[in-house]
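Data first, discussion second: the structure below is written as structure tokens.
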């Protein structure tokens, strides 16, 4: 077999029999100048009227090729647009029982009071030059979708192991027209009658496995002792290896106050005393699990702060968490410039 025949067929094209050179494909592709430009090699005939045009094979790093950036931008634009449209029609529309302007349990635990107020009052993000963006909207949405995948597969695996996990409220419809997730509503707006504080959880474990193979009997006993009597809230997250290791080392409370605040607020309003937190490492598919108990004082502090934000008129009413704009905690804030232009 001709070893050249194994090369990608996209680099081959038919030419008239006996021709030594291939007809032109169109305007030449201009690469960025390099320190030492090599002359383009002549096309090589492989037999059977086919040639491989090595001038179409570039020496540059694949990541530098124009098609990488072009396709990435097109996909990012489409992903971001359709995600925004779904949000406008669903959660962002203010349909159903939840107000359009509200605080969600997913970010009630933000460390900075002013940042929480910026988010609640829906202040537009500061504009950034493209080169200053840390991540594109398309990349953010792909991160979110990978989280949905991790959640979906984890609940499947729990059920295969014999756990009963409820992810929907039977017979009830959610804000987006689909099944309603378990969660809570609070803080009624006296004008609209809608709730201004809300939260959802990924699931509620209502029953543990009744039996397991003999080699896992001790493991099941350990789980029963740690869980106590169901129900127990279940919350799923995904992470890169670096982030996963941090959670494994210090636990949820110290690794991410936002996650911890979400769990405490949900436990308070749902009146469930503990949470099973799971985090799937997307780099190696290992799990981190932690049982988190309800901390009434911590949860009440978050709820009291949320009430102050909901009844406020402006983010300016709240103090920043940092003393200077160079504080590392301000680096990724979407309102850094706006915040520091305020008094």
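The values are calculated or read from the model by the stated rules, or taken from the named source; none is laboratory data. Not measured: the values here are computed from a predicted model. As a convention, Cβ positions derive from the backbone with ideal geometry for all residues, glycine included, and neighbour counts pool all protein chains shown.
Results for (1) closer than 19 Å to residue 223 by Cα; (2) assigned to a helix (DSSP H, G or I); (3) in the same structural domain as residue 198 (by TED's automatic domain parsing), shown as yes or no for each residue.
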position	(1), (2), (3)
264	no, yes, yes
267	no, yes, yes
278	yes, no, yes
283	no, no, yes
292	yes, no, yes
300	no, yes, yes
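Among the candidates 102, 73, single out the residue that is at pLDDT 90 or above and surrounded by 12 or more Cβ atoms within 10 Å (Cβ to Cβ). Reasoning before the result, please.
Working: 73 fails: at pLDDT 90 or above.
The unique qualifying residue is 102.
Which of (1) within 30 Å of residue 217 (Cβ to Cβ); (2) in contact with a helix residue (DSSP H, G or I) (Cβ under 7 Å, 6 or more places away or on another chain); (3) in a loop (DSSP other than H, G, I, E, B) does residue 165 not meet, given it meets every other one?
(3)
I need a count of the residues in segment 68-103 that are farther than 17 Å from residue 304 by Cβ and touching a strand residue (DSSP E or B) at 6+ places or on another chain (Cβ under 9 Å).
Kept after step one, since they are farther than 17 Å from residue 304 by Cβ, are these residues of segment 68-103: 68-101.
Retained after the next criterion (residues that are touching a strand residue (DSSP E or B) at 6+ places or on another chain (Cβ under 9 Å)): 91-94, 96-99, 101.
Result for segment 68-103: 9.
Out of segment 261-275, which residues are surrounded by fewer than 22 Cβ atoms within 10 Å (Cβ to Cβ) and touching a helix residue (DSSP H, G or I) at 6+ places or on another chain (Cβ under 9 Å)?
Here is the first cut: in segment 261-275, the residues surrounded by fewer than 22 Cβ atoms within 10 Å (Cβ to Cβ) are 268-274.
Matches in segment 261-275: 268, 269, 272, 273, 274.
Does residue 323 satisfy the criteria of being within 29 Å of residue 99 (Cβ to Cβ), modelled with pLDDT under 95 and assigned to a loop (DSSP other than H, G, I, E, B)? Walk me through it before giving the result.
Numbers: within 29 Å of residue 99 (Cβ to Cβ): no; modelled with pLDDT under 95: yes; assigned to a loop (DSSP other than H, G, I, E, B): yes.
No; evaluated as a whole, the condition is false for this residue.
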